[in-house]
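Since every read-out is calculated from the coordinates, none of them should be taken as a lab result. Remember, it's a predicted structure, so these values are computed and weren't measured experimentally. Cβ coordinates were reconstructed from backbone atoms using ideal geometry, including for glycine residues, and neighbour counts include every protein chain displayed.
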Amino acid sequence: MKIELSRTTIRDLVEDYYDDDDGGVVGYGERLDIRPPYQREFVYKPKERNAVIHTVLKDFPLNSIYWADKQDGAYEIIDGQQRTISICQYVEGDFLVNHEGDELGFDNLTEDVQQKFLDYKLMVFICTGTDKEKLDWFKTINTGGLKLKEQELRNAVYSGSWVSNAKRYFSKRNEGAGSPKYAKYLDGDISRQAYLQTVIKWISNNKIEPYMAANQHETSAFSLWKYFESVIAWVESVFPEYNDLMKKVDWGLLYNEHKDRSFDTDKTKSEVQDLLHDKDVREAGIYDYVITRDRKHIHKRNFEKRLKRIVYRKQEGICPLCRDYFEINQMEADHITPWSEGGKTNEDNCQMLCKKCNREKSAK
């Protein structure tokens, strides 16, 4: 992979800058895509935005900015979008900053200060390489500031018509997957690409990057949207009564494997209610268990500290296997009936063993 350092001036950066809202944000003589359609929206608060301008006005070093070379004389920002937009908006006169005791916009600065501001040199790293090389590199450099999320990094590497179209369905609040009908089944920040990541994970059975690579140059992500609609329709047919716990479930992975099975909704509703009232059940796994019948989803495997102390006192510090005395920090909680065989994680099924005995028991 090729990485080059470019000392780009703010004067060059802001040339032909414009912000067309959903149409995009460009600069650098219209050769730099400052906010590709897949990127997160501008998220800097005034304090952070103003700090960027103060850094430039004081001629202090600003953190490096990273561009990807699109191989056609154009570039797109991978990291540094917030700093770049802050600078461009200030030059455009969108906000004021306190400079030497006065609230000043760019046009209010003296001419010599304006020229110094425009001549400030930004440290821009431009990278060219394979998709994998760029992804590895973006993960490496994405260590400071408002870090890019995993899906934002992937969107950068596999950018194109498909990602742009997918964002229309999975990146806007109160629209598409962000509407109340669907958002209640998805976790994370939609504007930081969490919804898009989740649904690609579902449809690809957790093979996100190969799926994105295969679809990178497709013009439409409509099939991804139709898949998502089918998943949610299936969930609502199996569990017509909503619960906040449903936001944490990987519904698509369950749908992929069990969509052709028949479920009695009265029974699923009743079972969910029973499990929710069972203090020995791990709530987060209830819906997975009802679908898969795998008890690992609902068993509480780890004993609480309070319960360990109760059992330790009942045993008076004696390990029931070797019959020696130990301090509590020299002992470990163990399931009498193994957890893997359906043993519950409760007081009646707990014994405190010395570490040596517990290790030997576990090895058998």
>> On alpha carbon coordinates alone, what is the Rg over Rh value for the chain, Rh being the Kirkwood radius?
In response: 1.12
> Using a Förster distance of 56 Å, how high is the FRET efficiency between Met1 and Leu276, based on the Cβ-Cβ distance and rounded to 0.05?
Replying inline: 0.65
>> With Kirkwood's inverse mean 1/r over C-alpha pairs for Rh, give me the Rg to Rh ratio of the range 222-340, two decimals please.
In response: 1.17
> Considering every pair of different Cα atoms, what Kirkwood radius, in Å, is found for the range 286-352?
Replying inline: 12.9
> So if R0 is 41 Å, what FRET efficiency would Asp294 and Asp102 give, r being the distance between their Cβ atoms, rounded to the nearest 0.05?
Replying inline: 0.05
> Taking the Cβ-Cβ separation of Thr9 and Ser164 as r and a Förster radius of 30 Å, what is the calculated FRET efficiency to the nearest 0.05?
Replying inline: 0.50
> How long is the gain from Glu30 to Ser179 if the chain were fully straight, where each residue apart is worth 0.36 nm and the alpha carbon distance is subtracted?
Replying inline: 50.2 nm
> If the chain between Lys361 and His217 were fully stretched, how many nm would it gain, using 0.36 nm times the residue separation less the Cα-Cα distance?
Replying inline: 46.3 nm
> Cα-based Rg of the range 181-236 per 2.2 N^0.38 Å, rounded to two decimals?
Replying inline: 1.13
> From the Cα gyration tensor of the range 47-170, with a ≥ b ≥ c the square roots of its eigenvalues, which class applies: rounded if a/c is under 1.5, or else prolate if a/b is larger than b/c, or else oblate?
Replying inline: prolate
> From the phi of every residue in the range 172-181, what ³J(HN,Hα) in whole Hz does the Karplus formula 6.51 cos²θ - 1.76 cosθ + 1.60 yield, where θ is phi - 60° and glycine or proline is x?
Replying inline: 10, 5, 6, 9, x, 5, x, 6, x, 4
>> Can you give me the distance in nm between label points at His258 and Asp324, each placed 7 Å from the Cα along the Cα-to-Cβ direction?
In response: 4.7
>> I want to check the label-to-label distance for Lys47 and Glu111. Put each point 7 Å from Cα in the C-beta direction and report it in nm to one decimal.
In response: 3.9
> On full extension of the chain, what length is gained from Ala284 through Thr140, given 0.36 nm per residue of separation minus the C-alpha to C-alpha distance?
Replying inline: 48.5 nm
